[in-house]
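One structure is given here, and the rest of the page talks about it.
Any read-out appearing in this document is the output of simple, stated calculations on the displayed coordinates, not a laboratory observation. Note that the coordinates shown come from a computational prediction; the quantities given were computed from them, not determined experimentally. Every residue, glycine as well, gets a Cβ built from its backbone with ideal geometry; the counts of neighbours run over all protein chains shown.
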Amino acid sequence: MKVLVAGGAGYIGSHVVLDLVKEGHEPVILDNLSKGHQEAVLHGTFVQGDIGRVDLVKEVLTKEKIEAIIHLAADSLVGESVANPAKYFRNNIGNGQSLLDAAVACGVKYFVFSSTAAVYGEPEKVPIPEEHPKNPTNPYGFSKLTFEGMLRFYEEAYGLRFISLRYFNAAGADPEGKIGEDHRPETHLIPIVLQTALGQRDHLQLFGTDYPTPDGTCVRDYIHVVDLSQAHLLALNALAAGKASSIYNLGNGQGYSNQEVIETARRVTGEEIKVTAGPRRPGDPAVLVASAEKIRAELGWHPRYPALEEIIETAWWWHQHHPNGY
Ligand code: UFG
């Protein structure tokens, strides 16, 4: 299938592009390179541009005869969204709508959307099932929840079928070592821990040690980027096979505290990894752990790398071999 991967030069998008090609699809990558890296795009046709440019997007969709869009082009930092909600609403909602409008105008049939665990806010119970109340505690989660709602109404009115994937914490890197995580600036826990192990940082700061969790640090559900990527392929195939639009969580159903992540990284790297305690980061829920039973049951999703140790090992290989990123 001809698939437009919006945000395909980013961390998750570039892994999706690899898997699309492995399974015989033809990806066209649209990325404005505001955060992505052209070097991360190993296959497909690359177009540099913004999803908000309706004319450009329409031209690409028509010329390339695109049947499906996988939309990963968004701002995705909880802390930044709290400080600058306008940026998140403009890009994730406004520009996202431009992409949707172009999709409808050009007769795209299927839409796979990268959503987030941040739509839930503070969970009332864990693991979190998809029907859990949605009360985002930050503008990022709100922007993704809004877009999910737009997809429902666009399907009703225009027939665009969709699957939204609510990612928990993506981590790890391509096990063959070709691509990996390179955010600038880096804000995510695992790469920061590994940069500290490499000696690129003297220490890392733990954002909050007084959460109502066993060791006082936040708990997250880490999912290997390759397992996440596979879910996009399953979603695409399900839509093409006539499956109804739906929303799925993607996580391993196992929570690790920030402290446990650091201890695992110490074992994997054999390095000391110095840590200091700092204040909480605004917008962070204490615990986010997924129930991914629905996607296992309905789409047959089976994670290949569910163990945190393995997730960190693949990330460590990438960071050791690409200490300065791409
Ligand atoms: N953390 C630190 N120190 C750091 C960096 C992070 O203590 O230097 C903590 C955070 O406060 C949080 C945990 O590590 O408690 C994980 O933080 P990340 O920034 O790695 O990931 P988030 O959980 O904030 O966010 C990720 C994605 C979001 C998504 C969210 C859903 O980046 O897009 O998961 O769980 F919304």
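Remarks
- As a proxy for reagent exposure, Arg220, Arg304 were ordered by neighbouring Cβ count within 10 angstrom, fewest first; the result is Arg304, Arg220.
- P(r) tail fraction, the stretch 248-296 - alpha-carbon pairs more than 16 Å apart, %: 58
- Given charges at Cβ of Lys, Arg, Asp, Glu: the stretch 70-159 dipole, positive-most of Gly121, Ser98, Leu151: Ser98
- In the stretch 63-118, Rg over Rh equals 1.05, where Rg is the alpha-carbon radius of gyration and Rh the Kirkwood radius from pairwise Cα distances.
- Here the ratio of the Cα radius of gyration of the stretch 106-154 to 2.2 N^0.38 Å is 1.28.
- The chain: most fluctuating residue of Gly278, Gly208, Gly141 per GNM, C-alpha cutoff 10 Å: Gly278
- Dipole magnitude of the stretch 1-98 about its Cα centre (Cβ charges: Lys, Arg +1; Asp, Glu -1), debye to nearest 20: 180
- Expressed in units of 2.2 N^0.38 Å, where N is the residue count, the Cα radius of gyration of the stretch 7-102 is 1.08.
- Largest mean-square fluctuation among Tyr211, Tyr140, Tyr88, in a Gaussian network model of the chain whose springs join Cα atoms under 10 Å apart, belongs to Tyr211.
- Pairs of Cα atoms farther than 20 Å apart, the stretch 1-60, %: 17
- Taking the inverse of the mean 1/r over every pair of distinct Cα atoms in the stretch 77-148 gives a Kirkwood hydrodynamic radius of 13.2 Å.
- Estimated dipole of the chain in Debye, rounded to 20 [Cβ of Lys and Arg +1, of Asp and Glu -1, Cα centre]: 600
- The residues packed around Gly251, meaning those with a beta-carbon under 13 Å from its beta-carbon, carry a net charge of 0 if Lys and Arg are +1 and Asp and Glu are -1.
- Around the Cα centre of the stretch 130-252, unit charges on the Cβ atoms of Lys, Arg, Asp and Glu (plus for the first two, minus for the last two) sum to a dipole of about 320 debye.
- Subtracting the Cα-Cα distance of Ala297 and His322 from their residue separation scaled by 0.36 nm leaves 5.3 nm.
- Using distinct alpha-carbon pairs, which all enter the 1/r mean, Kirkwood radius of the stretch 117-274 in Å: 17.8
- Rounded if a/c under 1.5, otherwise prolate or oblate - the stretch 204-305, Cα gyration tensor axes: prolate
- Here the stretch 283-326 is treated as a sphere whose radius is the Kirkwood value from Cα pairs; by Stokes-Einstein at 25 °C and 0.890 mPa s it diffuses with a coefficient of 184 µm²/s.
- Whole-angstrom Cα spans of the chain along principal axes, big to small: 54, 41, 38
- In this structure the amide hydrogen of Val112, modeled in the peptide plane, comes within under 5 Å of the amide hydrogens of Ile69, Ile70, His71, Ile163, none closer than 5 places in sequence on its chain.
- MRE, 222 nm, helices only [DSSP H, n ≥ 4, -39500 (n - 2.57), over the chain, to nearest 500]: -11000 deg cm²/dmol
- For the stretch 270-317, the residue among Trp301, Leu288, Ile311 whose Cα projects farthest onto the positive side of the dipole built from Cβ charges is Leu288.
- Shown here: the stretch 151-208, whose C-alpha atoms stretch 54, 35, 17 Å along the first, second and third principal axes, sorted largest to smallest.
- When you filter the GluC sites (Glu not before Pro) in the stretch 195-281 for DSSP loop state and at most 11 other Cβ atoms inside 10 Å of their Cβ, you are left with Glu272.
- Residue exposure sequence - Phe111, Phe147, Phe153 - by fewest surrounding Cβ within 10 Å: Phe153, Phe147, Phe111
- Convex hull volume of the Cα atoms of the stretch 71-198, normalised per residue: 146 Å³.
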